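Only the coordinates and a few stated rules stand behind these numbers; no lab work does. The structure displayed is predicted, hence computed values, not measured ones. With ideal geometry, Cβ positions are generated from the backbone for all residues, glycine too; neighbour counts draw on all protein chains shown.
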Amino acid sequence: MGILVFVSSKAILSKPTFPFSVTGAFSLIFTLVSLLFFCGMALFLLIQGSPIFFQEQLSFITDADWFYRINQYGAASMIYGTILVSFLAIVLSLPFALGSAILTSEFLPNSIRVYVKSFIELLAGIPSVVYGLLGVLFLRPLIFKWFAPFSPESGDTLLTASVILAVMILPTVMSLSEDALRGVSKEHREVALSLGLTRLETFVHGVLPRAIPGIIAAVLLGLGRALGETIAVYLVIGRADNRLSDSLFSLKPLFEAGQTITSKLGGSELYIAYGEPTHWSAMIGLGLILFVFVGVIVAMGEAVNWLGRKYQHG
Amino acid sequence: MKKIGWIVLAILLLPSILNAKEGEVKIKIQGSTTVNPVISEAAEILRAERGWTIYVDTQGGSSGGISAVGEGFVDIGMISKPISEADRNKYASANFESFKIGIDGLALVVSQPVWDSGIQFLSKKQIQQLYERKILNWKELGGQDSKVVFYNKEPGRGTWEVFSNWAYGSYKNSPLVAHPEVGANEEAKNKVAFHNSAITQLSYAWAENSERIKAIGIQLPTGESVMPTKETIMSGEYPLSRSLFLVTNGKPTGYQKEFIDFILSDRGQELVKKYGYLSVR
Amino acid sequence: MVSSIRIWKNQLFILLVYLSGFITVSLLFLGFILLLSKGFQSLSLEFLLSPMREGGISGGIFYQILGTLILAITTLFIVFPLSMGFALVKSIYIQKAFVKKTMELFLYILNGIPSVLFGIFGFFFFVKYLGWGKSWFTGGFLLAMMILPTTTLALSEGINRISSEYIENGLALGMRKTQIIFSIILPQSFSSFLSGVLLGLARAVGETAPIMFTATIFSGATIPTGVKESPILSLPYHIFNLVQESYHPQALSNAWGSSLVLIMLVILISGIALPFRLRAHEEAKV
């Protein structure tokens, strides 16, 4: 009964009187401005980025050589760098993010929990350039020293970038995972415990299954953020093009300098490319690839979230 | 509520729109990080003394500066290499005028440990081999046993073009390589300074008075070796000297001309010397 | 016995969870403290109030702070009406659930767009195509669009949470739609909206990529004059430059100080959002 009333009052409000109110008109205008901007951005990426695809077709994606001076453009090493660095960041941060999330939601008393959660959310707001500062000053020498057996060229490696990203997305993934875990109602835990299950079993069988959609969404959103991060990666990755290793599974690239799509876009090549149609289209083409990547990942994240909510209440 | 917001916004914008006084001096400068220290400090002086507004940006280095001047986005470009044929062709509608404001020596700069281990002179051939990754360890040149890390200046940088012109006759002939890249001089210096086995192309002035990096001398074809110093650059004995320029699109007018004149004046040239470069006088 | 294996596994689980949590929080905490302490060492009133000299190596960061504040205010004034309009259209004016859901998905996707793409688009459109050169307005506008999804969703959720009673009462009293919006809906969802705006703003002030192609320069900008050709200095881009000069101890110390100021700004803005977030939480429960 309450639901019916809820639906009907909002519905009455939605009756089409709106083109005739000033507020409605302004709201519509503002919405259109926003939509116009985003459509403009999407069109920009499409229109300015597609020429390179017409010219090189799929070889733009599969070719690893990027030598703009002879108009040779291949994005493969950058795509590889982007994917490797971001996925490794998730792998590195997940145990810590999940562990902390489980600790905070299942074990900590409420009073401490609030402080920990606030601190973590604070960290999520720290600007990426500050992470970059810390990475350049501390992480680079550390990686260079600790992984000396692998003889890295310097502290600027794909691994360094992964670690920085892992630290950057950790607060986000942890916070969202914790929300997902807390979203499971207390009853499930209480029932399991009263049946004599240990905390571990309660968690694995009672809480985790229901929180999985939220956790997957958290991971995907963290991944999306890692894929799009520019400044911190730019400062520690070494920015070396054409470093696609022969074997996709070798560890070597981790200890060498590399390039991601974002570190390429964040550099001065954009200024050089402007005015040169092919070069510019190649740069924007990179942006287009990134846009599609991140768009898909984020959409997946939200879809998982939505599905999870649907099955929880359905 | 929204309406109040718009009114406040209008009030906030008003003073800045009105602020654009007639005849206020505004100069926009962009370009090389080599030339930048001199120009930035000159800009500070002129701002303080004459109340001029001078914007300085270093994105894109020398090629960024040329591009910005060629397209009319800035008034003056700072470049550490001469304007080339390719530049003129690319910006055919622009009429570049360059003004030499200083002389610099381009050096191969290495991390201190490399220097200490005995690498103090390199021939052009050895430098080519390092650049092309034919020499991968300093011990091959008689130095320490460590991997060579060549931080290559981005191809758009004036420093890179001067280096490539010298090493390969023309930058167009330089081989395609896959080194880690650096952009600004500051970045290049930083990377080499905090490494123990690196080398990069950098203005020699930036390596002076540093405990962490050293400029290597060039071994000439005659067998003689020359270190980059003010004297050898001045006399031309050091082969990698290059001029520093300010460029404009067409003849500089009004305040642009005054700025360039200031740089060419005694005070301006003192600044040039302060940052380790040679005066044009 | 089976039960002792269960107990043992349980103990291990608890140990691992506590361990990972402890490592995470303590490392992050230590890093944070390091940042604060190094930053405070470099701070002084003079640092905050004097302009930059010698390309950032000496002098202060006054105009960088000013520039970041200008960007923040511009972003605020642009995103406020735009996202309010968007949220109203999505939650109130549009009836069809399908359109609503599409708009919501649209917003979620936009929320994830890498900031560097905003910068590149802004560079092409505002700096080059419109010929505006670098401008504080472009920076503020791009940042506003970047946080628009966040703020719109915050307001939208706030609106959805409003108990239908209030709206019914309004309708029963014969209020027009616009009156209901301004007297009931907006006030009730305001806490949610404001917290979303402030959190978005906190993120916006720390961004470098959207502004480094479009609004900020290395040196020379003080107060903008007009909209075109009016760049500003900014804290994030300044730190970015200083990081690359970190061989110079003075530049390094300035980098720490600037980072601290930036973080303090972020904390301040997030802090102001806190009471509104708590209030939004309360509103949701009612």
Can you confirm whether region C:119-126 contains a residue that is farther than 30 Å from residue A:280 by Cα and either within 9 Å of another protein chain (Cβ to nearest Cβ) or in contact with a Pro (Cβ under 6 Å, 6 or more places away or on another chain) (or both)? no
For the subset of region C:173-197 comprising residues that are under 19 Å from residue C:69 (Cα atoms) and in contact with a Ser or Thr (Cβ under 7 Å, 6 or more places away or on another chain), which member is farthest from the other protein chains (Cβ to nearest Cβ)? C:196
Filtering region C:80-89 down to residues that are more than 7 Å from chain A (Cβ to nearest Cβ) and farther than 20 Å from residue C:179 by Cβ yields C:80, C:83
Going residue by residue through region A:246-268, is there one that turns out to be among the hydrophobic types (A, V, I, L, M, F, W, C) and either within 10 Å of chain C (Cβ to nearest Cβ) or closer than 24 Å to residue C:211 by Cβ (or both)? yes
Residue match in region B:85-101 (condition: among the aromatic types (Phe, Trp, Tyr) and either within 30 Å of residue A:266 (Cβ to Cβ) or in a helix (DSSP H, G or I) (or both)): yes
Scan region B:190-202 and give yes if some residue there is surrounded by fewer than 19 Cβ atoms within 10 Å (Cβ to Cβ), out of contact with any helix residue (DSSP H, G or I) (no Cβ under 7 Å at 6 or more places or on another chain), of a type in the set (S, T, N, Q) and within 14 Å of chain C (Cβ to nearest Cβ), otherwise no. no
Identity of the residue in region A:47-58, exposed (fewer than 14 other Cβ atoms within 10 Å of the Cβ) and either at negative phi or in a helix (DSSP H, G or I) (or both), that ends up farthest from the chain's Cα centre (by Cα): A:54
If I ask for residues that are away from chain B (no Cβ under 11 Å), hydrophobic (A, V, I, L, M, F, W, C) and free of Cβ contacts under 8 Å to residues at least 12 places away in the same chain, which ones from region C:224-266 would you list? C:264
When you go through (1) within 13 Å of chain B (Cβ to nearest Cβ); (2) part of a helix (DSSP H, G or I) one by one for residue A:243, which number turns out not to apply? (2)
Under 7 Å between Cβ atoms, which residue pairs at least 6 apart in sequence (or on different chains) link something in region B:137-160 that is in contact (Cβ under 8 Å) with a residue 24 or more places away in the chain with a partner that is basic (Lys, Arg) and crowded, with 17+ Cβ neighbours inside 10 Å? B:151/B:191; B:158/B:81; B:159/B:153; B:160/B:153
Which listed residue is of a type outside the set (S, T, N, Q), surrounded by fewer than 18 Cβ atoms within 10 Å (Cβ to Cβ) and within 14 Å of another protein chain (Cβ to nearest Cβ), from A:76, A:101: A:76
Only one of A:226, A:299 is over 19 Å from residue A:79 (Cα atoms), within 23 Å of the chain's Cα centre (by Cα) and aliphatic (A, V, I, L, M). Can you tell me which? A:299
Restricting attention to region B:24-59, report how many residues are within 19 Å of the chain's Cα centre (by Cα) and in a loop (DSSP other than H, G, I, E, B). 6
Which residue is nearest to residue A:260 (Cα to Cα), if the candidates are limited to region A:60-93 and must be assigned to a helix (DSSP H, G or I) and more than 26 Å from the chain's Cα centre (by Cα)? A:68
Take the residues in region A:117-173 that are away from chain C (no Cβ under 13 Å) and free of Cβ contacts under 8 Å to residues at least 12 places away in the same chain, then tell me which one is surrounded by the fewest Cβ atoms within 10 Å (Cβ to Cβ). A:149
Flag if residue A:278 is within 12 Å of another protein chain (Cβ to nearest Cβ) and of a type outside the set (Lys, Arg): no
Scan region A:203-210 and tell me whether some residue there is more than 14 Å from chain C (Cβ to nearest Cβ) and surrounded by fewer than 17 Cβ atoms within 10 Å (Cβ to Cβ). yes
Listing of helices (runs of 4 or more DSSP H) fully contained in region C:110-196 that carry 3 or more residues being crowded, with 20+ Cβ neighbours inside 10 Å: C:115-122, C:136-160
Residues of region C:117-175 being in contact with a helix residue (DSSP H, G or I) (Cβ under 7 Å, 6 or more places away or on another chain) and basic (Lys, Arg), in sequence order, are C:134, C:161
Go through (1) buried (at least 23 other Cβ atoms within 10 Å of the Cβ); (2) over 25 Å from residue A:290 (Cβ atoms) for residue C:79 and report which single condition fails. (2)
Restricting to region B:232-251, count the residues that are of a type outside the set (A, V, I, L, M), surrounded by fewer than 20 Cβ atoms within 10 Å (Cβ to Cβ) and outside any strand (DSSP E or B). 7
Subset of region C:245-262, residues under 19 Å from residue A:234 (Cα atoms) and surrounded by fewer than 24 Cβ atoms within 10 Å (Cβ to Cβ), comes to C:245, C:246, C:247, C:252
Those residues of region B:113-136 which are free of Cβ contacts under 8 Å to residues at least 40 places away in the same chain and farther than 25 Å from residue B:161 by Cα amount to B:116, B:117, B:118
So which residues in region A:187-202 are within 12 Å of chain C (Cβ to nearest Cβ) and among the charged types (D, E, K, R)? A:199, A:201
Can you pull out the residues in region C:54-75 that are in contact with a helix residue (DSSP H, G or I) (Cβ under 6 Å, 6 or more places away or on another chain) and free of Cβ contacts under 8 Å to residues at least 40 places away in the same chain? C:60, C:62
For region C:203-217, does any single residue satisfy the condition of being buried (at least 24 other Cβ atoms within 10 Å of the Cβ), more than 14 Å from chain A (Cβ to nearest Cβ), on the phi > 0 side of the Ramachandran plot and not in a strand (DSSP E or B)? no
